[in-house]
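All remarks here apply to the structure that follows.
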Amino acid sequence: MKAKRIFYTMNVVSWIVFIGYCIKAGSIFFVSILSLFGNKNVTENLYLGIDLSSLFEFSTTHYTLLVMLLVIIASLKAYVFYLLISIFKIINFDKPFNSVIVNLIFKISYIALSIGLIGIFANSYVTWLRFKVFFTQIGIETSAYIFMAGVVFVIATLFKRATEIQSENELTI
């Protein structure tokens with residue numbers, strides 16, 4: 001009973017985080033589109049105080065690439081939580097180990113690794129850009145996702161083995 005309550009709470013929290021990352025990705029995307037095709041003043045407050053106006057004046061190409069990286073990272077983070085929500089939808093407490101859940105957990109590990117690697121590239125790119133032009137410091141915190149990818153991959157491998165053992169036990173009965 002306690003485990004089901006914790007899973008329910010985690011499901012609700014996952015939905016909240018998923019919606020938050022969707023809002024973040026959508027806000028950055030639409031404000032950047034608005035800045036490219038309309039009001040250039042919105043670059044002063046792209047999202048929660050991110051001021052990229054000097055970068056926009058320096059180069060719209062660099063501005064567009066940085067914004068694309070921010071949108072991709074936020075979208076991938078949202079996708080991780082969407083996959084987690086999918087796991088909560090289909091998990092069966094009587095037989096928790098099945099191939100669909102294993103595939104979703106592996107997918108989470110691969111997406112988490114992608115977030116980490118893209119984040120490393122984005123941080124390097126921001127550092128390089130800051131030598132060229134001054135703009136608001138952007139915190140692209142993704143280094144923990146590489147570690148998370150490794151942990152989730154190990155869990156996925158354990159789930160895969162547990163699924164194999166569960167199916168073997170079903171065949172022997």
* Computed FRET efficiency, Cβ-Cβ of TYR8 and ASN41, R0 41 Å: what is it to the nearest 0.05? -> 0.40
* To do: Give the whole-number value, in cubic angstrom per residue, of the convex hull volume spanned by the C-alpha atoms of the chain.
  => 117
* Asked: Roughly what angle does helix 60-90 make with the longest principal axis of the chain, taking Cα atoms, 0 to 90 degrees, to the nearest 10?
  -> 20
* Please go through the residue pairs LYS4/LYS160; LYS40/LYS77; LYS24/LYS107; LYS95/LYS160 and name each one whose alpha carbons sit more than 19 Å apart in this structure. => LYS4/LYS160; LYS40/LYS77; LYS24/LYS107
* Rounded to the nearest 500, what is the 222 nm mean residue ellipticity of the chain from helices alone, with -39500 (n - 2.57) per DSSP H run of 4+ residues and division by all residues? => -28500 deg cm²/dmol
* Longest span of the chain, sites excluded, free of chymotrypsin sites (Phe, Trp or Tyr not before Pro) in DSSP loop with at most 15 other C-beta atoms within 10 Å? -> 1-92
* To do: With a ≥ b ≥ c taken as the square roots of the eigenvalues of the C-alpha gyration tensor of the range 4-93, please select rounded if a/c is under 1.5 and otherwise prolate if a/b is larger than b/c or oblate if it is not?
  => prolate
* **Compactness of the range 99-173 - radius of gyration and Dmax, Cα, Å** => 19.0, 69
* Asked: Top mean-square fluctuation among LYS24, LYS95, LYS160, Gaussian network model of the chain, C-alpha springs under 10 Å?
  -> LYS95
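Bear in mind these aren't lab numbers, they're just calculated from the coordinates by the rules spelled out. Keep in mind it's a predicted model, so treat the numbers as computed, not measured. Glycine also receives a Cβ, built like all others from the backbone with ideal geometry; neighbour counts cover every protein chain displayed.
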